[in-house]
1. Is there any pair linking a residue in the range 1-14 that is assigned by TED's automatic domain parsing to the domain that holds residue 186 and on the phi < 0 side of the Ramachandran plot to one that is hydroxyl-bearing (Ser, Thr, Tyr) and part of a strand (DSSP E or B), with Cβ under 6 Å and at least six apart or on different chains, and which?
2. Would you confirm whether or not the range 40-60 contains a residue that is at pLDDT 95 or above and on the phi > 0 side of the Ramachandran plot?
3. Give the range 125-152 a look and list any residue that's farther than 12 Å from residue 90 by Cβ, under 29 Å from the mean Cα position of the chain (by Cα) and touching a residue at least 12 places away in the same chain (Cβ under 8 Å), or say none.
4. How many residues does the range 106-137 hold that are loosely packed, with under 15 Cβ neighbours inside 10 Å and assigned to a loop (DSSP other than H, G, I, E, B)?
5. I want to confirm something. Restricting to the range 251-269 and keeping residues that are surrounded by fewer than 13 Cβ atoms within 10 Å (Cβ to Cβ) and in contact with a strand residue (DSSP E or B) (Cβ under 9 Å, 6 or more places away or on another chain), which single residue is modelled with the lowest pLDDT?
6. Kindly indicate whether residue 225 is modelled with pLDDT under 95, surrounded by 19 or more Cβ atoms within 10 Å (Cβ to Cβ) and of a type outside the set (Phe, Trp, Tyr).
7. With respect to residue 103, is the statement that it is assigned to a strand (DSSP E or B), of a type in the set (Val, Ile, Thr) and under 15 Å from residue 62 (Cα atoms) true?
8. Given the criterion over 23 Å from residue 166 (Cβ atoms) and at pLDDT 95 or above, identify the matching residue among 71, 96.
Amino acid sequence: MRTLGVDVSHWEGSIDWKKASPSIGFAYYKCTEGVRYVDQQFYANRQGCKDAGLAHAPYHFYQPALDPNSQAEHFINTAGKAYHQYIADIEVPERQEDITQKILTFLKRVEQLTGVKPSIYTSSGYWNEFIQPHPQWASQYELIIAHYTAAHQPTLPVGWSSWRVWQFSDYWSLNGCLEQADGDWFNGSSEECRTWFGNAILPQPAQPSPNDFKLHSLFDHLHIRQSPSMKAKVIGSLKRDEVVEIEELGGDDVWVKHPRGWTAVERGGYRYMEVIK
């Protein structure tokens with residue numbers, strides 16, 4: 001089972017996430033690059049995903065020529081520490097030196113700052129060529145694999161036997177977005193996807209407010225009490241058909257608080273009041 005999602009940056013421009021969210025289960029978006037750059041759409045994408053209740057996470061575009069600790073600190077200082085997932089985008093070639101240890105330093109610093117082990121976004125072609133020798137620690141980090149293919153599974157880099165997210169296309173149409181985005185599969189159900197990202201908010205059906213209803217008494221001299229209990233002091237009474245506005249519901253059975261106090265609506269299957277809409 002797989003869940004459809006997208007990844008985006010400033011290249012996709014302004015996105016209407018309320019329009020996008022019904023057709024996808026998650027998004028991850030560019031946050032930072034190097035030691036100074038902040039993606040110009042980062043804050044808008046983060047707020048849009050929050051407002052839409054969409055599972056989401058930020059990524060950092062790693063520059064191998066720059067200090068890994070400074071990059072990690074720039075990333076987390078910008079993104080904050082409230083996320084359940086952070087992503088390291090590792091795709092820039094470096095032919096002058098072995099950058100394996102520098103990448104590990106970046107990953108460990110992110111984890112040190114957040115308490116979250118980040119995921120690695122990369123491709124097999126990049127990782128197998130530029131990360132030499134292939135590090136044993138790679139499989140400790142969940143893989144977000146970029147591979148555009150018609151096959152049913154992506155080709156994995158050396159060091160991994162499974163993937164968490166598969167970026168299967170760099171030309172994907174997204175509702176609410178005028179540009180083409182990158183299409184992704186999460187390797188699991190929508191529920192598993194929400195759990196992994198940890199910040200999705202499922203839409204809740206609207207609940208009627210107590211003030212949407214009024215009640216009228218079915219009896220003369222229906223007691224009004226100080227609290228929702230038959231043992232509470234009687235402080236007045238309602239006449240038959242007298243109408244009250246609901247302020248609060250409570251009690252062991254069904255009690256209503258109104259401007260004059262508490263009155264029983266139903267006790268032991270016996271009804272004392274009825275709703276007027």
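1. If the second residue must be hydroxyl-bearing (Ser, Thr, Tyr) and part of a strand (DSSP E or B), the pairs left are 7/28; 8/29.
2. Yes: the range 40-60 contains one or more residues that are at pLDDT 95 or above and on the phi > 0 side of the Ramachandran plot.
3. Listed by number, the residues that qualify are 137, 139, 140, 142, 147, 148, 149.
4. So the count comes out to 5.
5. Of the residues in the range 251-269, the ones surrounded by fewer than 13 Cβ atoms within 10 Å (Cβ to Cβ) are 252, 259, 268-269.
Narrowing the set further to residues that are in contact with a strand residue (DSSP E or B) (Cβ under 9 Å, 6 or more places away or on another chain) leaves 252, 259.
Numbers: 252: 56, 259: 88.
That would be 252.
6. Details: modelled with pLDDT under 95: yes; surrounded by 19 or more Cβ atoms within 10 Å (Cβ to Cβ): yes; of a type outside the set (Phe, Trp, Tyr): yes.
In short, yes.
7. Numbers: assigned to a strand (DSSP E or B): no; of a type in the set (Val, Ile, Thr): yes; under 15 Å from residue 62 (Cα atoms): yes.
For residue 103, the condition - assigned to a strand (DSSP E or B), of a type in the set (Val, Ile, Thr) and under 15 Å from residue 62 (Cα atoms) - is not met.
8. On the way: 96 fails: at pLDDT 95 or above.
Result: 71 is the single residue among 71, 96 that is over 23 Å from residue 166 (Cβ atoms) and at pLDDT 95 or above.
The values are calculated or read from the model by the stated rules, or taken from the named source; none is laboratory data. This structure is a prediction, so every number in the text was calculated from the model and none was measured. So basically every Cβ, Gly included, is an ideal-geometry build from the backbone, and we count neighbours across all protein chains shown.
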